[in-house]
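Heads up: the structure comes next, in structure tokens.
The values are calculated or read from the model by the stated rules, or taken from the named source; none is laboratory data. Treat the numbers as computed from the prediction; the structure is a model and nothing was measured. Counting neighbours? That spans all protein chains shown, and the Cβs are built from the backbone with ideal geometry, glycine included. Protein only, heavy atoms only, side chains kept; ligands, DNA and RNA dropped before computing areas. Shrake-Rupley method; radii C 1.70, N 1.55, O 1.52, S 1.80 Å.
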Amino acid sequence: ALFNNEKTYAYGNTFHGTVSAAYSYNCKIYDNNFINDQELSGSKAINFEPRYWANGEHRITDFEIYNNTIEGYQFGIVLGGQDHYVHDNQLTNNQRGIILLNSVGNRFEDNNISSSLQDSFGYFTFSSNNSLKDITIKNGNVDVGHFGLFFSNDNEGESGKVLIDNIEFNNIISLRNAHGITIQNSSYNSINITDCQPTLINNVSRQ
């Protein structure tokens with residue numbers, strides 16, 4: 001765990017467990033292999049639960065997570081916090097690829113998520129009320145067994161914004177009570193929308 005760290009770099013490692021963070025900022029996690037060879041249930045490769053100062057601001061900020069391979073976990077990257085840049089990661093055969101927790105200003109670019117597991121998802125939010133503000137998910141491919149994107153109960157009763165741009169989803173995507181979502185320049189097999197009104201621009205639906 002990275003606890004009260006600044007400018008700490010984790011690179012060139014093979015991890016069989018979890019890298020987590022608490023009260024840390026301006027750190028990098030890159031060029032690592034995460035391979036879970038233990039029980040699937042509860043396993044996480046990178047896990048940043050949101051932590052807050054007394055004034056409500058995020059305490060885990062400004063991480064760069066890139067060029068990692070992540071394979072065989074229940075949850076690949078679980079990310080809360082602020083101003084993280086997550087890019088050029090390869091996630092393979094995880095039950096859930098990238099999970100968004102309460103966050104502000106996080107960027108996801110050029111990540112590729114694939115899984116042959118039957119009940120596998122790409123980008124995902126848990127069903128608790130998530131606060132997602134100024135989030136960008138851009139470029140990359142998602143080819144998984146079930147939902148390529150599944151967002152539920154996001155930004156309910158508050159302002160928030162998620163931009164999904166130029167993602168090739170080789171599967172269904174689903175938005176359930178997920179507000180402030182824009183999907184553009186992307187492709188998917190089909191889209192399910194329940195209790196929300198996303199903005200859809202220049203997308204291709206194959207069905």
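Observations on the structure shown:
- Sole exception among (1) surrounded by 17 or more Cβ atoms within 10 Å (Cβ to Cβ); (2) assigned to a loop (DSSP other than H, G, I, E, B) for Glu158, by number: (1)
- Residue satisfying condition, being over 24 Å from Ser159 (Cα atoms) and touching a Leu at 6+ places or on another chain (Cβ under 9 Å), within set Gly80, Gly97: Gly97
- Residues of the stretch 11-55 satisfying the condition of being more than 22 Å from Gln74 (Cα to Cα) and either of a type in the set (D, E, K, R) or at pLDDT 95 or above (or both): Tyr11, Gly12, Lys28, Arg51
- Matching residues in the stretch 103-118 - criterion: being open to solvent by less than 20 Å² (accessible area, probe 1.4 Å) and assigned to a strand (DSSP E or B): Ser103, Phe108, Ile113
- Members of the stretch 119-155 found to be assigned to a loop (DSSP other than H, G, I, E, B), open to solvent by less than 40 Å² (accessible area, probe 1.4 Å) and touching a Gly at 6+ places or on another chain (Cβ under 9 Å), listed by number: Ser120, Ser131, Val144, Asn155
- Yes/no for Glu168 being more than 16 Å from the chain's Cα centre (by Cα) and open to solvent by 10 Å² or more (accessible area, probe 1.4 Å): no
- Per-region count, the stretch 93-102, residues crowded, with 24+ Cβ neighbours inside 10 Å and either in contact (Cβ under 8 Å) with a residue 40 or more places away in the chain or assigned to a loop (DSSP other than H, G, I, E, B) (or both): 2
- Qualifying residue in the stretch 43-61 (condition: free of Cβ contacts under 8 Å to residues at least 60 places away in the same chain, touching an Asp or Glu at 6+ places or on another chain (Cβ under 7 Å), charged (D, E, K, R) and not in a strand (DSSP E or B)): no
- Enumeration of residues in the stretch 104-132 that are among the β-branched types (Val, Ile, Thr) and touching a residue at least 40 places away in the same chain (Cβ under 8 Å): Val104, Thr125
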